[in-house]
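Written below as structure tokens is the structure these notes are about.
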Amino acid sequence: MRRSKMSGKARQKASVFESEEPSSVDAKDELLDECESIWKQMEECQSKLTLIRAEPLRESDAKLTLLMMRMKALTVEFTQWQKKSPEIISTNPEVLLTLGKEELQKVKKDLEMVLSAVQSRNKKLKEDLEREQQWHDEQEKILDALKEIEKNVENEVVSHSKKRALQKLKDEILKVKAYKEELLNALGVFLEEHFPLPEEDGRAKKKKKEKSEEPDAQLITLHEILEILINKLLRTPHEPYVTVNDSFWPPYIELLLRWGIALRHPEDPDRIRLEDFHQ
């Protein structure tokens, strides 16, 4: 089998020279002779190796012995390769030129294959890069759209919060107004019950008969007096004083002054104002 392989290699190398000029025929014959000589030496070495019998191994340390023998063989082979100098296949320039051309053609073919593979890989990488760049641009657009949506949602939330706060404030104002009306109605009922007009009180009528004095104007109730003072204070807080006229019954005025509900003007005793209870 080895001879057939070697012969095949020799024929392969010899086939390189078939396309050459007639002057290369001698070089081919010389190379074939060298190959035949080398093959004969290899056959002799193989026959010598087959005649050598392996020493019997003990079963206890058979594995160790095999490893030691393998190490020795590798060491000898390594030493021989270090001492051996590279052999020149042939000294014929034409043979060397032909072999050099053949090797250069192989190298050229290998390099062309590598170049084709690199170009193909670069093309694929370029396509991948373009695809990744397109994906990145799409993600940027999506991100910008999401930011715009987030901004609009935040504005809507703020607007909704403001509207909700405003509506809540309006509801609270309505509640306060309703409570105010309730308090005013309760105050009116209380004042009408406990502080009626002089004409509705028999004792007041008796006093008027005794004094024979008729009021020049229609008297107003204590509730109305308080409403006038409150409205004056709220509408014109810089000028809260009200001028006392004939419609204000003097006992009611004295009652308000005595209990600190109203105050006289420091310079004009005919003017009074409501005490600043809210400050």
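Does the stretch 157-173 include one or more residues that are on the phi < 0 side of the Ramachandran plot, part of a helix (DSSP H, G or I) and within 23 Å of the chain's Cα centre (by Cα)?
Filtering the stretch 157-173 for residues on the phi < 0 side of the Ramachandran plot gives 157-173.
When the remaining residues are screened for being part of a helix (DSSP H, G or I), the result is 157-173.
Now narrow it down to the ones that are within 23 Å of the chain's Cα centre (by Cα): 157.
Taking every residue of the stretch 157-173 in turn, at least one turns out to be on the phi < 0 side of the Ramachandran plot, part of a helix (DSSP H, G or I) and within 23 Å of the chain's Cα centre (by Cα).
In the set 101, 163, which member is closer than 24 Å to residue 31 by Cα and either β-branched (Val, Ile, Thr) or open to solvent by 100 Å² or more (accessible area, probe 1.4 Å) (or both)?
Working: 163 fails: closer than 24 Å to residue 31 by Cα.
Every option except 101 fails the conditions.
Just to verify a result, which residue in the stretch 265-279, among those that are modelled with pLDDT of 90 or more and open to solvent by 100 Å² or more (accessible area, probe 1.4 Å), is farthest from the chain's Cα centre (by Cα)?
267
Just the residues that are at pLDDT 50 or above and either on the phi > 0 side of the Ramachandran plot or open to solvent by less than 30 Å² (accessible area, probe 1.4 Å) (or both), please, taken from the stretch 208-219.
Hit for the stretch 208-219 is 219, nothing else.
Can you spot a residue in the stretch 177-196 that is modelled with pLDDT of 90 or more and open to solvent by less than 90 Å² (accessible area, probe 1.4 Å)?
yes
The values are calculated or read from the model by the stated rules, or taken from the named source; none is laboratory data. Source: prediction; values computed, not measured. Each accessible area value is taken on the protein alone, full model and side chains, heavy atoms only, with ligands, DNA and RNA left out. Shrake-Rupley method; radii C 1.70, N 1.55, O 1.52, S 1.80 Å.
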